[in-house]
Amino acid sequence: QDGPQRKKRKSEVGEVDKQLDILAIGTAVGSILLYSTVKGELQSKLDGGHDSRVNCVRWHQDSCCLYSCSDDKHIVEWNTQTCKVKCKWKGDNSSVTCLCISPDGKMLLSAGRTIKLWDLETKEVYRHFTGHATSVSSLMFTTVKPTNESIPFDGITGLYFLSGAIHDRLLSVWYIRSDRKEKNAVMSFTVSDEPTFVDLTVSEVKEEPVKLAVVCRDGQLHLFEHILNGYCKKPLTSNCTIQIATPGNDGDSTPKPVPILAAAFCTDKQSLLLVYGNALQPIIEKVSLNTSEPHICLVRDIQKVLSLKTDAAVTKVKTPVVNSDAKVLVPGIPGHSTAVKTPALGKEKKKNKRKPGETEESIEERLGALDIDVSKVKTPGGLPQTDSFAVLLVQGLESNDAEILNKVLNTRKENIVKNTVARMPIHAVIPLLHELTKRLQGNPYSASLMVRWLKSVFTLHASYLSTLPDLIPQLGMLYQLMESRVKTLQKLSRLHGRLFILVTQLAASQTVQEVPEVNQTAKLVYEDDSSEEEGSDDEMIADKDSDENWDEDEEEQSDEQDMTVEKEINGDSDLEPENESEEE
């Protein structure tokens, strides 16, 4: 596998040379811009890696690879050719503020509150370093090779690196050991104020001292020169302190200090590039210094330089020569324009007096002479048209006039709302949404009216709103308002149902109570005491009658039988032989 890799690297040399002019800029939104300094234009944009502010960006030495860290606690490895995320991992429990890549390109230092050394192949923590109370603002390696040459070098063990933190006047130097015992700084450099800019010369040989240039917030530059050879308990002070001041001539005898903004060592490691003056108009100067003196004050008259530049800038401004015949256009209300007719030179002004035979001109004819559309003036019911509604709405939003806004937004007609939103200019959409959001939180009656406007805005201007990059933060309050109301809708509907049942029951009970009570007492009562006794007597009489009748029937049947027997014996039967069977 070594062969193809080496060939690939050789083929990538040209691409790496092409990318030497690219400047990577981290933004507060979370994206990274790649700017070509040769072409002077934006080459590409890296998106989708960070959700918050980018704090530090570092190029890798060998390939077209970029590392970035952010307030979202993550470190991202980018492929700058495809503009996509190569790898992303969590760097700290808080925001990651600084990065530094090791000299061999295999390790990465990251810092938030604690400093971590990462193995770039496995993305695992190799070492931890603790000692800063605040978040780290600068990280850089100070040596390329270990000072102890007897130990075999694995690329990282035995190296020193430097770190500085915000609100901390000490710069710490750390030593990477083979074991995990020592986690504290081996030495420190003390400065007069919080460091804002740090630069150093890397020590490549054992005896070569490390030169350090530290610019502080108070505008002073401190130079250190020290050979890193182990532990040092006492903080080291600067070998030389540099300040810049004005000469104090021309009436003002007191010299004024000029702040140093940044400093960097040149390639010869002897001379310095100083950046001083105003941050908007900095002055860059190359200075060769004799660091044997503990204090150096450079006298620079920056007022002359700045005043000359401003004078030259003022003289370049040219005032345009305006012709008397030229028309000057004044910015007016967007979407509102009137045609202006210049009166003809030949026509004389009409006299106001009428002759006896002439009829008076109507208002319509007069308006026609003024070139005003009569159809727009004659409005049914005296209501303003949608054109004037759109103009009034823009005026109310720009001037924040509550009276105008109430007049426009309290309309109930759907057509007027739709036409007004359709004819209003694009730049007024977001202010209108903010105003509607504010009114939605107020009276429920006004909220029901505002919903109609919201519906029209979202339906008619959805394409414009989708092109805004910061739409979500701008409409965040509206989203939260809608979500909270939608969440409570189900509960409110349940409550509405229960209350409806209660109200109907109460109403029903009230109607029952209001009905007059009916008198339940009988108007006529008939009482019969002997009914029960008579009933029993009747039953007894009926029983007796039935018994007597039964006895009489039996006697009659016995008599009849005797009669038939006697007739049969005598041989004279009344019945015919055919009817005998029927009788039987």
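Observations on the structure shown:
- Looking across the stretch 141-176, the residues that are within 35 Å of the chain's Cα centre (by Cα) and at negative phi come down to Ser163, Gly164, Ala165, Ile166, Asp168.
- Selection status of Cys240, touching a strand residue (DSSP E or B) at 6+ places or on another chain (Cβ under 8 Å), farther than 24 Å from Phe129 by Cβ and either buried (at least 16 other Cβ atoms within 10 Å of the Cβ) or not charged (D, E, K, R) (or both): yes
- Failed item in (1) open to solvent by 100 Å² or more (accessible area, probe 1.4 Å); (2) outside any helix (DSSP H, G or I), with Asp528 passing the rest: (1)
- Screening the candidates Leu20, Leu108 for the property of being in a helix (DSSP H, G or I) and either farther than 30 Å from Asp470 by Cβ or not hydroxyl-bearing (Ser, Thr, Tyr) (or both) yields one hit, Leu20.
- Filter result (within 12 Å of Leu99 (Cβ to Cβ) and assigned to a loop (DSSP other than H, G, I, E, B)) within the stretch 29-86: His60
- Checking Ala447, Ala422, Ala428, Ala462 one by one, the residue that is surrounded by fewer than 13 Cβ atoms within 10 Å (Cβ to Cβ) and either within 20 Å of Gln395 (Cα to Cα) or aliphatic (A, V, I, L, M) (or both) is Ala462 and no other.
The values are calculated or read from the model by the stated rules, or taken from the named source; none is laboratory data. Please read these numbers as outputs of a predicted model, since none were measured by experiment. A quick note on method: Cβ atoms are made from the backbone with ideal geometry, for glycine too, and the neighbour counts reach across all protein chains shown. Heavy atoms of the whole protein, side chains included, go into the accessibility calculation; ligands, DNA and RNA do not. Shrake-Rupley method; radii C 1.70, N 1.55, O 1.52, S 1.80 Å.
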